[in-house]
Amino acid sequence: MSAAEVLLERVRQDGAINGQIVKVDQFLNHKVDPVLVHLLGDDIAARFVDHSVTKILTAETSGIMLAQAVALKLQVPFVYAKKKRPITMPEYYAAASYSFTKQESTTLYVSKEVLHASDKVLFIDDFYAKGSTFKGIEDIVTQSGAELVGAAVIINKSTRRDIESILTLDDLI
Ligand code: G4P
């Protein structure tokens, strides 16, 4: 079975779809199935083997384990943008992001020590909904002078097709 077929079956078995919201907290973003995460990560990584990726970039929280899986397969480090700036991060890139799902604004922070102009960056996340997280990440990559070479999520709920995904909302309904 392909990664998409496995995920689809899992959503049908242990998840739910309520309008535009896909419930995945039994296996992806609360209770996490590491075997599934690695299957999904390997599938995404395979699409970017020829993109000379040097760094994976994601945002706290749910993107982290997916970024780890993709990064392991591509053998590159991953960075997760933090939503609170620690005092140990004096020099940073910052960008605003508004979560429509949670109806709150957040700021994403990435230390200048972990993202450089020479980097080729792949953005990874669990969902692409309105794209506000991606917009914030694009902003941070621009500030750093790095190059964004791709973007991939597990479930793309938008009509954008330049974002790689395992499933789209159409696959689920
Ligand atoms: P956007 O970044 O693409 O604009 O998406 P949006 O603001 O709508 O969603 C932001 C948050 O909501 C993200 O989590 C994302 O993972 C989550 N989300 C979006 N759509 C769904 C969905 O259908 N189901 C579930 N379960 N979650 C969804 P976050 O606030 O960035 O942080 P975290 O939860 O990873 O900590």
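The values are calculated or read from the model by the stated rules, or taken from the named source; none is laboratory data. Please read these numbers as outputs of a predicted model, since none were measured by experiment. Cβ coordinates were reconstructed from backbone atoms using ideal geometry, including for glycine residues, and neighbour counts include every protein chain displayed. Please note that ligands, DNA and RNA were not included when accessible areas were found on the heavy atoms of the full protein model with its side chains. Shrake-Rupley method; radii C 1.70, N 1.55, O 1.52, S 1.80 Å.
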Problem - Condition check for V121: under 30 Å from I21 (Cβ atoms), assigned to a strand (DSSP E or B) and not charged (D, E, K, R) - result: yes
Handout entry: the stretch 27-46, subset open to solvent by 10 Å² or more (accessible area, probe 1.4 Å) and in contact (Cβ under 8 Å) with a residue 40 or more places away in the chain, residue nearest to L74 (Cα to Cα)
Key = D43
Problem - Filter result for the condition that a residue is among the aliphatic types (A, V, I, L, M) and more than 13 Å from the ligand (Cβ to nearest atom), over I155, I166, I124 - result: I166
Practice task
Considering each residue of the stretch 129-160, count those that are closer than 22 Å to T54 by Cα and part of a strand (DSSP E or B), and give that number.
Solution key: 8
Problem - Qualifying positions in the stretch 127-152 - open to solvent by less than 20 Å² (accessible area, probe 1.4 Å), away from the ligand (no atom under 14 Å from the Cβ) and small (G, A, S) - result: S144, A146, G150
Practice task
Would you mind finding the one in L39, L57, L28, L7 that is closer than 17 Å to A129 by Cα and hydrophobic (A, V, I, L, M, F, W, C)?
Solution key: L28
Completion exercise
Only one of (1) over 20 Å from I64 (Cα atoms); (2) in contact with a strand residue (DSSP E or B) (Cβ under 8 Å, 6 or more places away or on another chain); (3) more than 10 Å from the ligand (Cβ to nearest atom) does not apply to R161, and that is (2)
Practice task
Confirm whether Q20 is at pLDDT below 95 and open to solvent by 20 Å² or more (accessible area, probe 1.4 Å).
Solution key: yes
Completion exercise
Condition set aromatic (F, W, Y) and assigned to a strand (DSSP E or B), scope the stretch 93-116, selection most open to solvent (accessible area, probe 1.4 Å): answer is Y98
